[in-house]
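A quick write-up on the structure given underneath.
Each reported figure results from applying straightforward, stated rules to the coordinates on display, with no laboratory input. Predicted model, so just to flag it, every value in this text is computed and none were measured. Don't worry about glycine lacking a Cβ; one is built from the backbone with ideal geometry, like all the others, and counts go over all protein chains shown.
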Amino acid sequence: GGGLGGDGGSTTGDTMPSVRIVSPASGQTVPANRFVDITVETDSTTTSFLLKVNDRVASSKALPPDMVGPVQAILSWKPEREGAYNLEVIAFNEDNASAPAALALTVSGTAVEGPSGATGVCTGRVLVSQLNFRDAPSTSAVRQGQFDVGETVTITGRNPDTSWYYIQRTNGQQAWVINNAQWMQVEGACDNLPVSS
């Protein structure tokens, strides 16, 4: 029982993921007061991520419950002052924690105000891989497919309690996606979305 190999029959909760930071590269300088996208990926089933900054928990992200296998996710972090920061990302599969992936970033105090997306459009950006889109606002509705991590969609409507968004993908396909800020980052004019049927 050397514990090597074996690609068969592992069930959720008994494998320990390993996590790697895809971007940004360690040693980069980023502006203060702007969100930094930290793209991470794992090699096996992951149920959540934890982001630590200078040994303090900055954010955590739970993943969609039916995920299996390697995942990618985007963790956002907004540094508020300049300085050197040590970030760590830890992936969890239930209670099994990965070894942390480390990232050193320098924050400069020169945030350039970019164009704020005040175009009257509501957009969403997918933060996790394997996020489903469906033909109706229900987890029991027919699954039409899964978004790519980092994909941007236009949000055109919502269900009555705004627990689901009606979206249009860049290819014109329309579908429903669950409203979960950990899985989709929403920006723009999203307060007055019409109720879609």
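The alpha carbons of the range 93-197 stretch over 47, 40, 27 Å along the principal axes, in descending order.
In this rough spin-label picture, where each label sits 7 Å from Cα along the Cβ direction, the residue 55-residue 185 distance is 2.8 nm. Taking amide hydrogens as placed 1.01 Å from N in the peptide plane, the amide H of residue 144 sits under 5 Å from those of 133, 134, 135, each at least 5 positions away in sequence or on another chain. A P(r) calculated from all alpha carbon pairs of the chain, with 5 Å bins opening at zero, reads 1, 7, 14, 17, 16, 15, 13, 9, 4, 2, 1, 0, 0 percent.
Packing, taken as the mean count of other beta carbons within 10 Å per residue, orders the peptides 67-75, 189-197 from highest to lowest as 67-75, 189-197.
Divided by 2.2 N^0.38 Å, where N counts the residues, the Cα radius of gyration of the range 15-66 comes to 1.28.
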